[in-house]
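Everything below concerns the one structure shown next.
Just so it is clear, none of the values below were taken in a lab; they were calculated from the coordinates. Bear in mind the structure is a predicted one, so any value in this text is a computation, not a measurement. Because the Cβ atoms are built from the backbone with ideal geometry, glycine has one as well, and the counts that use them run over all protein chains shown.
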Amino acid sequence: MRYLPRSWVSPKVSVGQSKIQGRGVFASEKIPAGEKLMEFGGEAISRAQMESGDYRIRSIWPVGRNAFIALPNSDPNISLDEYLNHSCDANAWLEDEVTLTARRDIAPGEEITLDQGTWNIEDAYIEDRVPCSCGAKDCRGMLMEDDWTRAAVQAQYAGHFHPLVQALIAAR
């Protein structure tokens, strides 16, 4: 499959200070449920290239088994998707391996979030357990590579997992 050379980001979002972590992506106007927010893009790279340190860590996105898209460190332009933060009750979810849509109506000023449990199966930044700072009412407290195995996560995001994760769920 061909991917965009850079991520497409809705003109209805902008970067701002996040209560979750550092900077985040925020709605600058009302976004209705189902509206496309982002389409992740970047250079197609292998696992070896991903691990080389030559690519911006927050731009790396899995598109297949041992296949990724990312922006090289030499690219001077930050992409807003690099500021996307996690929430255990995310207001956005995946339609396929690269398309992010609004899970529900999103109000102006609200931070756009994606649950890492819908796509992460081997992220290097989650070694064993990482404390979660999302502040959601039902926050899981810790982020783990296998959050996708939780029944509650599977029910919450049914039909909106990364295809790699969906295949693992189907195989269980």
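Tabulated results
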| read-out | value |
| --- | --- |
| Within a Gaussian network of the chain (alpha carbon springs, distance under 10 Å), most fluctuating of Ile78, Ile20, Ile60 | Ile78 |
| Residue order, fewest to most surrounding Cβ atoms within 10 angstrom, among Thr149, Thr113 | Thr149, Thr113 |
| Antiparallel content of DSSP bridges confined to the chain, in %, to 5 | 95 percent |
| Exposure proxy ranking, count of Cβ atoms within 10 Å, fewest first, for Lys30, Lys137, Lys12, Lys19 | Lys137, Lys19, Lys30, Lys12 |
| Separation in nanometres of the label points that stand 7 Å from Cα toward Cβ, at Thr149 and Ala107 | 3.8 nm |
| Net +/- balance of residues flanking Asp96 in space, Cβ distance below 12 Å, scoring K and R +1, D and E -1 | -2 |
| Set of segment 1-36 residues, backbone N closer than 13 Å to the point 7 Å along the Cα-Cβ line of Asp96 | 1-4 |
| Residue-span extension gain [Asn66 to Lys137] - 0.36 nm each, minus C-alpha spacing | 22.1 nm |
| Segment 6-115, relative contact order [Cα under 8 Å, separation at least 6], % | 35 percent |
| Nearest-20 debye value, the chain charge dipole, Cβ charges on Lys, Arg, Asp, Glu | 240 debye |
| For the chain, calculated [θ]222 nm from helices alone, where every DSSP H run of n ≥ 4 adds -39500 (n - 2.57) | -3000 deg cm²/dmol |
